[in-house]
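Here's the structure we're looking at; comments come further down.
The values are calculated or read from the model by the stated rules, or taken from the named source; none is laboratory data. Worth saying up front: this structure is predicted, and the values here are computed from it rather than measured. In this analysis, Cβ positions are derived from the backbone assuming ideal geometry, glycine residues included, and neighbour counts consider all displayed protein chains. Just the protein is used for accessible areas: all its heavy atoms, side chains included, with ligands, DNA and RNA removed. Shrake-Rupley method; radii C 1.70, N 1.55, O 1.52, S 1.80 Å.
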Amino acid sequence: MIRFSPTETITNTFRTNELDPINHRKDHDGRFYSISQSVKKQLFSGGGLPKEYKELSETLNGLSIMVRKPAIELITYLNKTNFDAPVNRYVLYGKTGSGKSVSLAHILHYGSNAGMVLVHVPWVPNWVRFPKGCTPSVIHPNKYDHPIESVEWLRHFSTQNGPLMQKLELKTTETYAWSKREMTAVGSPLSELIDLGMNRAKHATDCVSALLCELKKAALSKRCRVLVVIDGFNSFFSPKSRVRREDKSIVLPTEFVLTDAFLSLTRNDWNNGAIVVSVDASAHPSELRESPLPRYQLGKQGFEHLDPFIPIEVPNYSEKEFHSQIDYYVERNWLQQPKARTERGRAELSFTSGNHPLSLMKLVAPY
Amino acid sequence: MAVLRELVVFPSKCFRGVRSYFFSAPLFQNGSLKLNESVSKDGHALDFEQSDTKKMSKAMKSYMERAKIHDNFIKQQLHEYNIGKRHLANMMGKDPEFFTQTDVDEAIRYLFPSGLFDPRARPMMKHPDEIYPKRKAAEFDVNGRPYHSLFYTSKPNYYTLMHDLAVKFKQLDRHEDKIISRGIQNQKPTELFLFGSEWIPKQKIENVLLESLTDAQYVNLIKTFERFSQHPYSVIEKDFIMQFRRQLAAQVEIQQVPELMRDESGRPYMTYNARRKTSNATVKVIGQGTGVISINETDIHFFQREQDKKQIIFPLQFSDMLGKVDVVATVDGCGTSAQSGAIRLGISMCLRSFVNAETIERMRLAGLLSFDPRTRERKKPGQAGARKKFTWKKR
């Protein structure tokens, strides 16, 4: 098995030497660039790569992401952003399995390399559909906390932004009183806030809200640049969740404290940052999966919240991207049938998968 | 009389058609044995014959009576048929003199429209010969003496045929010897061309011979025929052999492959409406394409199962047109299997216009161009399903 290392000279056409997403341009379209283990661990240990994709990358000895048009488009925009203007909201949309999450992962890597503070929600429906225990909020009446999920998220945040936070040394701008005895004073480092949240599950959700608030203020006062990446954003506006009250009535996602926190962050009332969000049909229950388009998936409430935004479609593979993907599988010995490597074989794979990334991955899998 | 019949010369009988080959004896309907006539010929014979008729057994008598009744019956039917034909002709406003059987069939179809499935169950008016099964002529004379020398084999016609074949074979051998003795060694006889026909089935032979055969006897007969037709000079007896062969469905009957049509942008295309079970698919295959497929305005993922996708891809892969044509299909009805089968047939039929004749033949042999006539079998009363029976209780 060939282990591809970043310093190796590349002779094939489906890979690129350019490992820094900041420099990815149109001519890198359809090419794979590899992400080192350390970066992968830092950025994606709390989530962010689709489960099967991640497993496949481990099988194929190294995470390699294909540089595709949506990501290139986003990178061009982000490079040219005027950070004094209010934040731009970008919405990635497309059929389920067309590559939105992986594009977001690519942008995450970009943000990390560009020195932006990453506020990353790997997959919102995990909070809406499979919460590990929602408790009614103490501070906010009629709202619900996610104690376990908030702790996990704070851990994920600190892993992603650890070194950067140490460098930035951001401080709180107001006091937070958690109880009669516990409080976080003004001017205390944000890392203290995060640690408190990680240790005290009861206050974790409110810590998250506080943290997001602080980051927003920090961005406004030009102390840091914030990149918000949220996958499955339309789940915040889902018509139902799996959380029920004592009287068996369903709690809507808009009644979560976390929802409020992230919706406040995704409002365009701040600058010096960027918001990249994806909407996916699978983030909604089956009744709301008719169309992959943003207006349908966000609903009235979500659309009004995000409007104006820049929609970016994530399409199926183009012919070049498809051949590149097959080349990659062939090189990694994932496609072992000699017939699969022929022109006819490729045509069959293209036809049967419909050039759809997820379908191709499943088709090519031996299970 | 009986002895004479044995020595009947074969060649003159052979070429008159299979039926006449065996109907040397008068049929029931044509002749009725005129007992009185034979009696009144010779005075001396009279006494003898009179005494013989007296000795005629009851079995013989009843046999004669049955023969007479049948004969009269058929005569009556024939008379009615002819009258009926004239009536029909008058009804339909056609000339009774030139009213053929096809006209009769048409008239019956018009006057008695039937929705019945089996053609044999529908009303028909045909010549009595075609409706009432033929019977063998009188096999023995007044005195009970059989006419045919092989009568006591109980299958005289069958064994006659077998003997004929043997005799003919010997004749062909003698012919071959003559040719060789004349020294014409290089002359190859024209081969008997049996392609496109097959031996007539057992039922047909039984109808011709008016005798029922066992399977072994039929097989024996066919084997004999095969051996006979493999003789180098069997072409001499071609007409005799062809009497016992039937033409297969003409393979020359190639369906006309429709010409490609052109759309506004000049691209060639072909459409076809295909069916499978109760689903209908309208398929349009457009040339100069890149392999784009659209089913009911979605892509290949309209079918979620791999087997359905395989059905769609099969004709394109088989004819090497994958990635060269675009497919636009609309389908409805039934389930996914039937829908994908219908689209497959539609694509195959459209592709005929794009590929050469050899590929069309290969497609036909692969079964791509055949309509699948299987439909859901009806549930029968007294059973749980089409084949499933209710629980069988011993008591």
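Per residue, the convex hull spanned by the Cα atoms of the stretch A:321-364 measures out at 60 cubic angstrom. For the cross-link pairs A:Lys26/A:Lys100; A:Lys51/B:Lys309; B:Lys170/B:Lys223; A:Lys132/A:Lys202, the ones whose C-alpha atoms lie over 21 Å apart are A:Lys51/B:Lys309. Taken residue by residue and averaged, Cβ atoms of other chains lying within 10 Å of the Cβ of B:313-325 number 2. Scanning residues 5 or more positions from A:Phe32 or on other chains, those with amide H under 5 Å from its amide H are A:Arg15, A:Thr16, A:Val67, with H placed 1.01 Å from N in the peptide plane. Think of it as helices only: each DSSP H run of n ≥ 4 in the protein assembly as shown is worth -39500 (n - 2.57), and spread over all residues that comes to -13500 deg cm²/dmol at 222 nm.
Shown in residue order for the stretch B:194-211 are the 3J(HN,Hα) couplings computed by the Karplus curve 6.51 cos²θ - 1.76 cosθ + 1.60 at θ = phi - 60°: 9, 5, x, 9, 9, 5, 5, x, 4, 4, 5, 4, 4, 5, 6, 7, 6, 9 Hz (x for Gly and Pro). Taking a straight line from the alpha carbon of A:Lys222, these lysines sit under 21 Å away, with near neighbours fewer than eight places off in the same chain left out: A:Lys80, A:Lys167, A:Lys171.
In the complete set of protein chains, residue-level accessible area for A:Tyr296 is approximately 80 Å², probe 1.4 angstrom.
Result for chain A in a Gaussian network model with C-alpha springs under 10 Å: among A:Trp178, A:Trp127, A:Trp270, the largest mean-square fluctuation is at A:Trp178. Accessible area per residue (1.4 Å probe, heavy atoms of protein chains only) ranks A:Met66, B:Met124 as B:Met124, A:Met66, with the largest value leading. Computed over neighbours whose Cβ is under 13 Å from that of A:Val138, the net charge equals +1, Lys and Arg +1, Asp and Glu -1.
When only the Cβ of Lys, Arg, Asp and Glu is charged (+1, +1, -1, -1), the dipole of the protein assembly as shown relative to its Cα centre reaches about 2240 debye.
Compare A:Thr172, A:Thr135, A:Thr254 in a GNM of chain A, Cα atoms joined below 10 Å, and give the one with the largest fluctuation. Of A:Thr172, A:Thr135, A:Thr254, the most mobile in the Gaussian network model is A:Thr135.
Report the net charge of residues surrounding B:Cys334, where surrounding means a beta-carbon distance below 13 angstrom and charges are Lys +1, Arg +1, Asp -1, Glu -1. Net local charge, B:Cys334 excluded: +2.
Summing Lys and Arg as +1 and Asp and Glu as -1 over all other residues whose Cβ lies under 11 Å from the Cβ of A:Leu168 gives a net charge of +3. Couplings 3J(HN,Hα) for the stretch B:143-149, derived from phi with the Karplus relation 6.51 cos²θ - 1.76 cosθ + 1.60 (θ = phi - 60°), are 7, x, 8, x, 6, 7, 5 Hz, where x marks Gly and Pro. Among A:Ile139, B:Ile360, the sequence by solvent-accessible area, most first, with a 1.4 Å probe is A:Ile139, B:Ile360.
Could you tell me the relative contact order of the stretch A:27-313? Use alpha-carbon pairs under 8 Å, at least six residues apart, and round to a whole percent. Provide the component values of the computation, followed by the final result.
Values: 498 pairs, mean separation 74.0, N = 287.
After rounding, I find 26 percent.
Legend: mean number of C-beta atoms from other chains within 10 angstrom of residue C-beta atoms, peptide A:343-355, equals 5.
Between A:Lys217 and B:Val257, what is the label-point separation in nm under the 7 Å Cα-to-beta-carbon projection? Here the modelled spin labels are 7.9 nm apart. Measuring r between the beta carbons of B:Ser57 and B:Ser197 and using R0 = 51 Å, the FRET efficiency lands at 0.60.
Quick one: if the Förster radius is 51 Å, what FRET efficiency do B:Val142 and B:Ser181 give, using the C-beta to C-beta distance and rounding to 0.05?
Approximately 0.50, to the nearest 0.05.
Between the stretch A:261-340 and the stretch A:27-45, the alpha-carbon centres lie 18 Å apart. If the segment from B:Phe371 to B:Gln171 were pulled out straight at 0.36 nm per residue, it would be longer than the present Cα-Cα gap by 67.1 nm.
Among A:Met361, A:Gln336, A:Ile326, flag the residue with its Cα farthest along the positive direction of the charge dipole of the stretch A:321-364, charges on Cβ as +1 for Lys/Arg and -1 for Asp/Glu. Projecting each Cα onto the dipole axis, the largest value belongs to A:Gln336. Give me the base-10 log of I(q)/I(0) for the stretch A:27-313 at each q in 0.07 Å⁻¹, Debye formula, one uniform scatterer per Cα, rounded to two decimals. Those come out to -0.25, one per q.
Taking amide hydrogens as placed 1.01 Å from N in the peptide plane, the amide H of A:His120 sits under 5 Å from those of A:Val229, each at least 5 positions away in sequence or on another chain.
Size descriptors for the protein assembly as shown, from the alpha-carbon set: Rg then Dmax equal 45.3, 155 Å.
Solvent-accessible area per residue for the stretch A:321-364 at a 1.4 Å probe radius, Å²?
Per-residue accessible area for the stretch A:321-364 comes out at 44 Å².
Here the Gaussian network model covers chain A, with springs between Cα atoms less than 10 Å apart; of A:Lys180, A:Lys143, A:Lys320, A:Lys180 fluctuates the most.
Largest to smallest in accessible area, the residues B:Tyr132, A:Tyr144 fall in the order B:Tyr132, A:Tyr144 (1.4 Å probe, all protein chains included).
Annotation for the stretch A:120-156 versus the stretch A:193-250: alpha-carbon center distance of 7 Å. Summed over both chains, the contact between B and A buries some 1000 Å² of accessible surface at a probe radius of 1.4 Å. Assuming 1.306 mPa s and 10 °C, estimate D for the stretch B:320-393 with Stokes-Einstein, Rh taken as the Kirkwood radius over Cα pairs, in µm²/s. Here the translational diffusion coefficient equals 103 µm²/s.
Taking amide H positions as modeled 1.01 Å from N, with prolines and chain starts lacking one, the residues under 5 Å from A:Ile310 and 5 or more places away or on another chain are A:Arg89, A:Tyr90, A:Val91. The phi-based Karplus calculation (6.51 cos²θ - 1.76 cosθ + 1.60; θ = phi - 60°) puts the 3J(HN,Hα) values of the stretch A:295-301 at 4, 5, 6, 7, x, 5, 4 Hz, whole numbers, x for Gly and Pro. FRET efficiency for the pair B:Glu80 and B:Asp118, taken as 1/(1 + (r/R0)^6) with r the Cβ-Cβ distance and R0 = 30 Å, rounds to 0.75.
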